[in-house]
Amino acid sequence: MQRYHSKANFLIGLYLSIFTANYERPKAFILTAKRIVLIGGPSTGKTTLLNALKEKGYPCLDEVSREVIKAAQQEGIEQLFLTEPLLFSDKLLERRIQQYLDAGALDAEYVFIDRGIPDVSAYMDFIGQEYPDRFTKANSTYRYDKIFLLPLWRDIHVTDKERYESFEEAVKIQDELLKTYRSCGYTPIEVPKVPVEDRLDFILKHITL
């Protein structure tokens, strides 16, 4: 990744990449693999479950927000989402759309994705950030095949430099996620609070229902 010499140049670089991004689905793009999305508030076990799916040989796409956060932190911006929420969300939208397209190109029956495009607008709703209609347009343009919701689970909730939300904040985020995905026409399937092996079995039994 290109290294910027100052916070200002880093932000300029982000804006330039956003302005040149193409948010429209390529007309010639052929969809193949079914896109299965894992959603849920911070620290609900999505990454652990995704790793279990990888071990079973399923293609999985990791959460991309950490890449954006870490890139900003390397330039001295500790929490880009808090200081420049719209810029952060634009960059995240760009990467999630690319991830969506990458998923469709995989030679597989199913591909599992950690968070989807509607997460972006849901998080902005959580902080009360206004945003242009390209975010809601993306929610309706890029459609997933099935959504699994991991419920909040206080026993496994932890925080770190990327997951800084308290459990109480996670509750509010979860509410926004559910509201956003339901408004997009999805019916998220709740994964039970059981050991990861049982969560894995639950998902694999429900992806074809």
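For the reader, a short list of remarks on this structure follows.
- Segment 151-180 - residue that is touching a helix residue (DSSP H, G or I) at 6+ places or on another chain (Cβ under 8 Å) and at pLDDT 95 or above and, of those, farthest from Phe81 (Cα to Cα): Lys179
- Residue in segment 55-70 that is surrounded by the most Cβ atoms within 10 Å (Cβ to Cβ), counting only those that are free of Cβ contacts under 8 Å to residues at least 40 places away in the same chain and more than 25 Å from Leu93 (Cβ to Cβ): Glu55
- So Thr136, is it at pLDDT below 90, of a type in the set (Ser, Thr, Tyr) and surrounded by fewer than 22 Cβ atoms within 10 Å (Cβ to Cβ): no
- Selection within segment 87-141 - over 18 Å from Val68 (Cα atoms) and of a type in the set (Ser, Thr, Tyr): Tyr110, Tyr131, Thr136, Ser140, Thr141
- Qualifying positions in segment 193-209 - basic (Lys, Arg), in contact with a helix residue (DSSP H, G or I) (Cβ under 6 Å, 6 or more places away or on another chain) and over 21 Å from Arg35 (Cβ atoms): none
- Residue ranges of helices (runs of 4 or more DSSP H) in segment 34-92 with at least 3 members in contact with a strand residue (DSSP E or B) (Cβ under 6 Å, 6 or more places away or on another chain): 46-55
- For segment 100-120, residues that are in a helix (DSSP H, G or I) and surrounded by 22 or more Cβ atoms within 10 Å (Cβ to Cβ) total 5.
- Residue in segment 34-53 that is without any contact (Cβ under 8 Å) to a residue 40 or more places away in the chain and within 30 Å of Glu197 (Cα to Cα) present: yes
- Any hit, segment 179-191, residues being without any contact (Cβ under 8 Å) to a residue 24 or more places away in the chain and not in a loop (DSSP other than H, G, I, E, B): yes
- In segment 114-128, the residues that are under 11 Å from Pro85 (Cα atoms) form Cβ pairs under 6 Å with partners that are in a loop (DSSP other than H, G, I, E, B) and modelled with pLDDT of 95 or more, at six or more places apart or across chains, as follows: Met124/Tyr131.
The values are calculated or read from the model by the stated rules, or taken from the named source; none is laboratory data. Since the structure is predicted, the reported quantities are computational estimates derived from the model, not experimental observations. Quick reminder, even Gly has a Cβ in these numbers, built from the backbone with ideal geometry, and neighbours come from all protein chains shown.
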